[in-house]
Structures are given as C-alpha cells and as structure tokens.
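Participant: Quick one: structure below, then a few questions.
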Amino acid sequence: MQIRKHDAFVDFDNARALVKTVSGIRIEDDVLVTEDGHKILGPHIPEEVEELGAIVGNGSGS
C-alpha cells in the first residue's frame, strides 16, 4: 500500500469521483491591453492534452 503525503487531508476517492463529472476546464490569461496592442502578462499556460498530460501524468497517483 502506498502512503501519500496528503491522505489525512484529501478524500482521494471522492476527488476522483468528482473529477469524472468535469467536462472541461477554464483557462485564463492576464492580459494588458493598451492603445498599441496587448501583452500576455503570465507564463505560457498549457492548453493541449499532450502538454497537460506531461505535467499531471495519467491521474493514477503514481
């Protein structure tokens, strides 16, 4: 059995069940708009499935 750092604080079974009900995500950027154009203020936010998968893994907790 794997012991995880946050088991005492997070109900992982409930979290997994809740995640299955999510049909999308909301991605926001902070943008400065001026008379001359615009500039995205934050870092690159991954949007493609492959990029997100590389960051969060397959969701199995391993």
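Participant: So, by mean Cβ neighbours within 10 angstrom, what's the order for 18-27, 42-51 with the highest one leading?
Facilitator: Working: 18-27: 7.0, 42-51: 9.3.
Ranking the peptides 18-27, 42-51 by packing returns 42-51, 18-27.
Participant: Sort largest first and round to whole Å: the equivalent ellipsoid semi-axes of segment 12-56, each the square root of five times a Cα gyration tensor eigenvalue.
Facilitator: On the way: eigenvalues 197, 32, 14 Å².
Ellipsoid semi-axes (Å, largest first): 31, 13, 8.
Values quoted throughout were computed directly from the atomic coordinates according to the rules given, and no laboratory measurement underlies them. No experiment lies behind these values; they were computed from the predicted model shown. All Cβ positions, even for glycine, are placed from backbone atoms using ideal geometry, and neighbour counts span all protein chains on display.
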